[in-house]
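Please treat every number below as a calculation from the coordinates, not as lab data. As the structure is a computational prediction, the values presented were derived from the model and not from experiment. Cβ sites come from the backbone with ideal geometry, for glycine too, and all protein chains shown count toward neighbours.
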Amino acid sequence: MAQPSFKNVFVFLDTDKFCSPFDMLVVTDAFPDSNIFKFENVTGDDAGKIVYDTLFPRGPLGAAHTKIFINGSNFEMVEQVVAATQKSMASAPWGTSIIVDPRGAYSTAAGAVAKSLGLSLEKGFGVLEGKNVTVLAGTGPVGQTAARIYATEKASVVITSRTLAKGQAVADKINKEVGAQRVKVVEVSKPEQTAAAVKDAEIILSAGAGGIQLLSTADLKAAKKCKIVADINAIKPVGVEGLDSNDDGKELGKGVFGIGALAIGKLKIKVETNMIKKATEAPAGLFDYAMAYDAAKADILKKIAKAKAAAPPKEMPKHWMP
Ligand SMILES: NC(=O)c1ccc[n+]([C@@H]2O[C@H](COP(=O)([O-])OP(=O)(O)OC[C@H]3O[C@@H](n4cnc5c(N)ncnc54)[C@H](OP(=O)(O)O)[C@@H]3O)[C@@H](O)[C@H]2O)c1
């Protein structure tokens, strides 16, 4: 009997009341003839049942062409759905890969951190370890993932929030995960409080909600140690005054270089596509923020190495000549 040929199927489990078209479009562009099933308002209680009904009908060969994509803006609920999905797969005879990119936060944060690392290396400021980083509005899905990645890279991170307790909960979770006190919170409920949050920052990432400016030109000028400023909000007004969404390494002030949201967005889409393709090739595995950052960082380091190799050799100093 001929082997059945299976189409790729992506099963979206979204914890929100509507499933974002964003990620379904990225999947469609990567695999134009795939099928997408979407489930909304998914909780940890029902995720397991959906996963069983996804795995069994097509057997192990079909399951290899069936990928779970977990989405949603509530991180706690997303974590419950991930845990329930993994538990179901562990008890089933076969499993499949799980892509986790809640509201695009993992691929966006991975892209933002990798872009800041790339610019830091390009300008000779070095790696992220030991750098002072401030993530403005570091409590949202993108901001807290970026803070988590910077902390994993051993940077000293300040996150801001309008509510100290909300920021502290995020900081505590990351510090527990990395096993060190790398993330601190500064409350910024009024614009006048921003200067204190960025005063020691060498890298600033503005991670606020769309259409909210978080950093003024005056506050950036007062941040005397700042070398890199990045923003992920492309909706006007953008997060950083004077930074254009398309800026990609532009010098904004003396020795301060900027990365805008659309420059980060390009890498974000590349990373998300990479997560989807890798998950499709792999029989099983979790493709989450760590994998997203590995892919983003590899992309940036490859580009730097290529630029270095293409650069003309430095002229030999004359006194070395015979
Ligand atoms: N460039 C890309 O490729 C890309 C991809 C995905 C998302 N995004 C963008 O990334 C940004 C962050 O996304 P997200 O989902 O993490 O954002 P979010 O949850 O909507 O907001 C992030 C944080 O912004 C703060 N905030 C909300 N309203 C505010 C206000 N009026 N004033 C000051 N702070 C405020 C909140 O922090 P506190 O309550 O703690 O103060 C919130 O936790 C958005 O601008 C989104 O459009 C970009």
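Give me the net charge for the shell around residue 42: Cβ to Cβ below 12 angstrom, other residues only, Lys and Arg +1, Asp and Glu -1.
Surrounding charge for residue 42 is -2.
Sorted by average packing, counted as other Cβ atoms within 10 angstrom per residue and highest first, what order do 21-31, 64-74 take?
64-74, 21-31
Out of all DSSP beta bridges with both ends in segment 107-265, state the antiparallel percent to the nearest 5.
Taking every DSSP beta bridge within segment 107-265, about 15 percent pair in antiparallel fashion.
What angle, in degrees between 0 and 90 and rounded to the nearest 10, separates the Cα long axis of helix 75-91 from the longest principal axis of the Cα atoms of the chain?
40 degrees
Sorted by mean Cβ packing within 10 Å, highest first, what order do the peptides 247-257, 203-213 take?
203-213, 247-257
Using r as the Cβ-Cβ distance of residue 236 and residue 162, and R0 as 22 Å, what FRET efficiency do you calculate, to the nearest 0.05?
For R0 = 22 Å, the calculated efficiency reads 0.55.
Checking the table 184/302; 221/268; 131/254 against a 23 Å threshold on Cα-Cα, which pairs fail?
Correct reply: 184/302; 221/268.
Report the full-extension gain for the segment residue 310 to residue 79: residue separation times 0.36 nm, less the Cα-Cα distance, to one decimal in nm.
Value of the extension gain: 78.8 nm.
On a C-alpha basis, how far is the centre of segment 75-106 from the centre of segment 158-235 in Å? Whole number, if you could?
30 Å
If you only keep lysine pairs separated by 8 or more in sequence, or across chains, how many in segment 1-122 come under 29 Å at the Cα atoms?
16
Grab the other residues whose beta carbon is less than 14 angstrom from that of residue 195, score K and R as +1, D and E as -1, and report the net.
With Lys, Arg at +1 and Asp, Glu at -1, the net is 0.
With Cβ to Cβ distances under 9 Å as the rule, what net charge do the other residues near residue 119 carry (K, R +1; D, E -1)?
+1
Would you please give the residues with an amide H less than 5 Å from that of residue 69, counting only those at least 5 places away or on a separate chain, with H modeled from the backbone geometry?
Counting only residues 5 or more places away or on other chains, the set is 11, 12, 13, 99.
Take segment 107-265, compute every pairwise Cα distance, and split them into 10 Å bins from 0; I just need the percent in each bin.
P(r) over segment 107-265, rounded to whole percents: 13, 48, 35, 5.
What is the dipole size for the chain, taken about its Cα centre, with +1 at each Lys and Arg Cβ and -1 at each Asp and Glu Cβ, in debye to the nearest 20?
Computed about the Cα centre, the dipole is about 960 debye.
Taking the number of other C-beta atoms within 10 Å as the exposure measure, put 19, 226 in order starting with the fewest.
Fewest to most other Cβ atoms nearby, the residues stand as 19, 226.
The chain: Rg/Rh from Cα coordinates, Kirkwood Rh?
So for the chain, dividing Rg by the Kirkwood Rh gives 1.04.
Straight distance only, please: which aspartates and glutamates reach the Cα of residue 314 with their own Cα at less than 20 Å, same-chain residues fewer than 8 apart left out?
122
Across segment 117-125, in residue order, what do the Karplus-derived ³J(HN,Hα) couplings come to in whole Hz, using 6.51 cos²θ - 1.76 cosθ + 1.60 with θ = phi - 60° and x for Gly and Pro?
After applying 6.51 cos²θ - 1.76 cosθ + 1.60, I find 5, x, 5, 4, 5, 4, 8, x, 8 Hz.
Compute the angle between helix 141-152 and the longest alpha-carbon principal axis of the chain, please, reported from 0 to 90 degrees and rounded to the nearest 10.
Computed tilt is about 70 degrees.
Only helical DSSP H runs with n ≥ 4 go in: add -39500 (n - 2.57) per run for the chain, normalise by residue count and round the 222 nm mean residue ellipticity to 500 deg cm²/dmol.
Calculated mean residue ellipticity at 222 nm is -14000 deg cm²/dmol.
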